[in-house]
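To start, the structure under review is shown below, and the notes come after it.
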Amino acid sequence: RNQQPMQPSATGQYPSPPSKRPKLEHPTSFPSVAAALSSNSTSQSKTASSTPATTATNTIKTAATTTMTTTPSSLSVTPTPSFASTTKNSTNNNSSITTTNTALNGKAGVCAIDVQAVEFNWRQPWQRLSQVGGSGTGFVIDGHRILTNAHVVDAAVDVRVRLLGSAKKYKANVWIQAPDVDLAILTLDNPEEEQAFFYDKQDPSKSIALQFSDMLPSLQERVQVCGFPTGGKTICVTEGVVSRIDVRSVSVDTRVNALSIQIDAAINSGNSGGPVFDNSGKVAGVAFQKMADKSSDNIGYIIAASTVRAFLSRCHDAKQQAAITAAAAQPPPPQQQQQQQQQQQQVESTTDTKGENGNKKNSDTMDTNGENGNKKNKGIYTMASSTPYRYTRLFNRSLRLAHKVPDHIEGVLLNSVCDTAVQGQLQVGDVLTKVDDYQLESDGQIYFRGGDENLIQHEFVFAGKGYQEPVRFTVFRDGKLVECEPVVLHHIPRRFTLYPEVDHREEYLFIGPALFVPASYGLIYQGKEPDSILKGSIKKDSYLWPHEWKNEEGTTIDQFVLLIKIMAHDASFDYKRAWSRVTEYNGVPVQSLKHLRDLWNESRQIAEQEAEEEKKKKKKQQSADEKATEEAAGTTTTKEDETTKEYKFARIGLECSEELVFEVNTAMQAEEDVMKAHNIPKKSVILPPNPRYVWK
């Protein structure tokens with residue numbers, strides 16, 4: 001949670017977090033677990049409700065859920081609302097009683113969420129941190145589902161939900177957790193309890209599901225925040241007005257920018273995930289963040305309802321996702337269909353959350369639920385679309401003349417494009433003039449619903465796209481306007497991971513006494529150990545697109561690997577350079593943590609084979625007569641000169657031309673000693689990609 005929010009600059013660039021930013025706090029009631037952490041893992045704790053957290057969202061971990069019946073509407077594409085046609089009148093109702101009643105009318109669908117969470121230790125990935133408790137708010141939506149913030153149920157091992165006016169706590173499971181937009185869907189663990197939970201007690205045929213507003217609230221429109229914040233156990237309703245509608249990143253990934261609404265109603269610890277009602281009594285958004293800074297007062301943020309609708313359209317269960325994938329592909333030959341069915345059966349039998357085949361958990365296989373022993377089915381989530389380019393504003397006259405942009409053309413100059421995302425529709429040097437039907441100004445802003453008061457950055461359009469919903473670009477190229485073919489964008493990955501239990505899990509590798517892990521946002525920006533060299537390397541890499549992940553030799557580097565710890569051992573004596581990026585192994589560029597393990601295993605196998613052959617050779621040369629002669633003469637075998645003996649080495653190249661060298665046999669023995677001394681179960685854990693998240 002100690003992560004800085006990042007916003008696009010005026011030039012459309014996405015820098016790494018600056019050292020000083022206004023502090024942001026997620027209003028989730030989690031106590032601090034700093035006392036439970038070791039000195040090298042304190043940054044993994046959840047931030048106390050009284051301590052401002054400098055984060056734009058909490059990182060996400062998937063927890064167990066139950067199978068549910070999704071409404072047919074969840075499969076349909078949710079088009080981006082036309083805000084120009086849904087403008088509301090900026091009426092400021094001064095009657096507090098009237099406006100508050102709109103929130104009270106929907107209070108039956110608001111529920112308190114109690115969570116027990118266990119995070120893994122990023123600096124010692126074979127360990128888990130102490131269990132901590134927290135609370136948040138959620139509310140009932142269509143399809144027997146509960147909506148809340150993703151950071152509320154982060155790393156959850158037990159989730160309980162309680163309705164207003166009821167003392168009973170129902171066990172719930174996390175069906176979908178979306179770290180990129182900070183939203184999550186819960187379902188009840190026991191389907192037989194759905195009638196009692198999701199329907200009105202007075203009228204069992206009436207659902208208590210809340211409805212989302214089709215319109216954005218206007219500036220100065222009154223809104224009400226409902227939830228279960230600290231200070232009591234009953235529902236709390238606070239009221240304020242809409243102060244601003246803007247675009248901001250709700251997660252650590254600054255390429256995903258969502259439409260958010262700033263309000264001045266009180267959002268306190270425990271309000272996270274609760275509904276915010278507009279004057280019509282419908283949900284205008286989901287409370288998720290407040291600014292906790294001494295220089296700021298009454299600044300809270302909610303995720304707009306349009307972003308929530310787009311999120312819901314990207315949520316499917318496994319069968320729905322398989323049907324969608326099959327419908328999009330050409331029918332394969334019968335033999336291939338049979339093979340695919342066999343593979344699907346194998347996946348279903350091995351994605352049991354206990355590990356392999358639902359019985360014995362194997363730490364080298366993926367725990368798809370993020371918790372041990374729960375077998376409930378989970379949903380599949382398609383990540384939100386990223387902004388696929390960087391741009392420069394076109395206000396400067398010399399810049400416009402250099403690129404031959406006429407005065408009547410408004411837009412931004414594309415200076416970098418992700419080719420794999422835009423499928424060749426955009427080019428470096430294009431002047432982007434329109435996104436869908438939104439006309440861009442020369443600073444990248446758009447009039448998104450027709451008024452000067454609503455001039456905001458255009459990037460929210462991409463994160464607001466529903467499942468498989470295309471986007472249309474219009475560019476000024478070679479002296480004329482060109483309407484590009486519609487393209488379906490996708491989430492653009494990075495070489496350093498962002499979200500625990502999504503693209504960053506408990507992976508590690510020991511080579512001798514040295515510990516290697518994949519580079520992650522949390523390790524780099526939440527810890528004190530990384531120096532400016534390592535942070536600078538990550539910052540530079542954040543500007544690269546996937547098609548630019550090649551080194552000078554043309555080798556594609558898919559993942560950053562870090563040396564983060566050197567355990568005490570004779571083999572590591574006087575080695576002090578931890579927290580460095582790994583560049584090569586015995587002269588071979590390291591492409592990923594798995595690639596590094598493969599290279600190390602090759603060295604191990606060669607060393608073991610040579611040791612066995614040498615042992616056999618010596619045994620043949622030494623005859624019984626030679627032994628008897630040596631014993632009679634009273635002589636002893638001369639010790640082999642270490643300077644003439646041929647050794648095998650593991651040479652690990654680090655950033656800034658540094659090197660870590662281990663003699664292979666010595667390193668193998670050091671591994672055994674370190675495993676035993678620190679009670680580490682395995683020498684390495686490499687996990688496959690998480691099948692619960694679709695990146696394209």
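Observations, loosely collected:
- Residue within segment 382-395 that is surrounded by 15 or more Cβ atoms within 10 Å (Cβ to Cβ), at positive phi, of a type outside the set (Ser, Thr, Tyr) and out of contact with any helix residue (DSSP H, G or I) (no Cβ under 6 Å at 6 or more places or on another chain) present: no
- Filter result (among the basic types (Lys, Arg) and either closer than 21 Å to LEU129 by Cβ or assigned to a helix (DSSP H, G or I) (or both)) within segment 491-524: ARG505
- Residue in segment 396-406 that is surrounded by fewer than 16 Cβ atoms within 10 Å (Cβ to Cβ) and under 21 Å from the mean Cα position of the chain (by Cα) present: no
- For segment 94-107, the count of residues that are modelled with pLDDT under 50 and assigned to a loop (DSSP other than H, G, I, E, B) is at least one.
- Selected residue (criterion: most open to solvent (accessible area, probe 1.4 Å)) from residues of segment 643-659 that are of a type in the set (D, E, K, R) and in contact (Cβ under 8 Å) with a residue 12 or more places away in the chain: ARG651
- Residue pairs meeting the criteria (Cβ under 6 Å; at least 6 apart or on separate chains; first within 8 Å of TYR301 (Cβ to Cβ), in segment 278-290; second of a type in the set (Phe, Trp, Tyr)): GLN289/TYR301
- Inter-residue pairs, beta-carbon under 7 Å, first closer than 14 Å to CYS111 by Cβ and open to solvent by 30 Å² or more (accessible area, probe 1.4 Å) and in segment 225-250, second modelled with pLDDT under 90 and assigned to a loop (DSSP other than H, G, I, E, B), 6+ apart: ILE235/LEU164
- Test set (1) assigned to a helix (DSSP H, G or I); (2) surrounded by 18 or more Cβ atoms within 10 Å (Cβ to Cβ) - GLU613 fails condition number: (2)
Listed here are the residues, each with its yes/no results for (1) out of contact with any Lys or Arg (no Cβ under 8 Å at 6 or more places or on another chain); (2) within 30 Å of VAL308 (Cβ to Cβ); (3) of a type in the set (Gly, Ala, Ser).
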{"site": "THR392", "(1), (2), (3)": "yes, no, no"}
{"site": "ASN396", "(1), (2), (3)": "yes, no, no"}
{"site": "ASP407", "(1), (2), (3)": "no, no, no"}
{"site": "VAL412", "(1), (2), (3)": "no, yes, no"}
{"site": "SER416", "(1), (2), (3)": "no, no, yes"}
{"site": "THR420", "(1), (2), (3)": "yes, yes, no"}
{"site": "LEU426", "(1), (2), (3)": "yes, yes, no"}
{"site": "GLY429", "(1), (2), (3)": "no, no, yes"}
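- Qualifying residue in segment 551-573 (condition: closer than 24 Å to ASN665 by Cα, open to solvent by less than 40 Å² (accessible area, probe 1.4 Å), small (Gly, Ala, Ser) and not in a strand (DSSP E or B)): yes
- Qualifying residue in segment 538-546 (condition: open to solvent by 20 Å² or more (accessible area, probe 1.4 Å), assigned to a strand (DSSP E or B), charged (D, E, K, R) and modelled with pLDDT under 90): no
- Hey, VAL308 of a type in the set (A, V, I, L, M, F, W, C), within 30 Å of ALA167 (Cβ to Cβ) and at pLDDT 90 or above or not: yes
- Within segment 481-509, residues that are open to solvent by 20 Å² or more (accessible area, probe 1.4 Å) and β-branched (Val, Ile, Thr) sit with their Cβ atoms under 6 Å from residues that are modelled with pLDDT of 90 or more and assigned to a strand (DSSP E or B), at 6+ positions apart or across chains, in these pairs: VAL482/VAL475.
- When we screen ALA172, ALA209, ALA150, ALA178 for residues that are in contact with a His (Cβ under 9 Å, 6 or more places away or on another chain) and open to solvent by less than 50 Å² (accessible area, probe 1.4 Å), the only hit is ALA209.
- The residue pairs whose first member lies in segment 660-679 and is without any contact (Cβ under 8 Å) to a residue 60 or more places away in the chain, whose second member is outside any loop (DSSP other than H, G, I, E, B) and open to solvent by 30 Å² or more (accessible area, probe 1.4 Å), and whose beta carbons are closer than 9 Å, counting only pairs six or more residues apart or on different chains, are VAL661/PHE649; VAL661/ARG651; ASN665/GLU608; ASN665/ALA611.
- Residue match in segment 512-519 (condition: buried (at least 18 other Cβ atoms within 10 Å of the Cβ), aliphatic (A, V, I, L, M) and under 26 Å from GLN423 (Cα atoms)): no
- Among the candidates ASP478, ASP419, ASP452, residue that is modelled with pLDDT under 95, under 29 Å from the mean Cα position of the chain (by Cα), of a type in the set (Asp, Glu) and surrounded by fewer than 18 Cβ atoms within 10 Å (Cβ to Cβ): ASP419
- Within segment 471-480, the set of residues being part of a loop (DSSP other than H, G, I, E, B) and touching a residue at least 24 places away in the same chain (Cβ under 8 Å) comprises ARG472, GLY479.
- Whenever a residue of segment 567-589 is touching a residue at least 24 places away in the same chain (Cβ under 8 Å), its partners that are acidic (Asp, Glu) and in a strand (DSSP E or B), lying with C-beta atoms within less than 9 angstrom and at least six residues away or across chains, give the pairs ALA571/GLU663; ARG577/GLU658; SER580/GLU658.
- Qualifying residue in segment 288-305 (condition: within 19 Å of the chain's Cα centre (by Cα) and either open to solvent by 10 Å² or more (accessible area, probe 1.4 Å) or not β-branched (Val, Ile, Thr) (or both)): yes
- You will find that of GLU630, GLU663, GLU614, the residue that is closer than 30 Å to PRO513 by Cβ, among the charged types (D, E, K, R) and modelled with pLDDT under 85 is GLU614 and no other.
- Residue ID - nearest to the chain's Cα centre (by Cα), chosen from residues in segment 184-222 that are farther than 12 Å from HIS144 by Cβ and among the small types (Gly, Ala, Ser): ALA184
The values are calculated or read from the model by the stated rules, or taken from the named source; none is laboratory data. Being a predicted model, the structure only gives us computed values, none of them experimental. When we count neighbours, we look across all protein chains shown, and the Cβ atoms used for this are built from the backbone with ideal geometry, even at glycine. Just the protein is used for accessible areas: all its heavy atoms, side chains included, with ligands, DNA and RNA removed. Shrake-Rupley method; radii C 1.70, N 1.55, O 1.52, S 1.80 Å.
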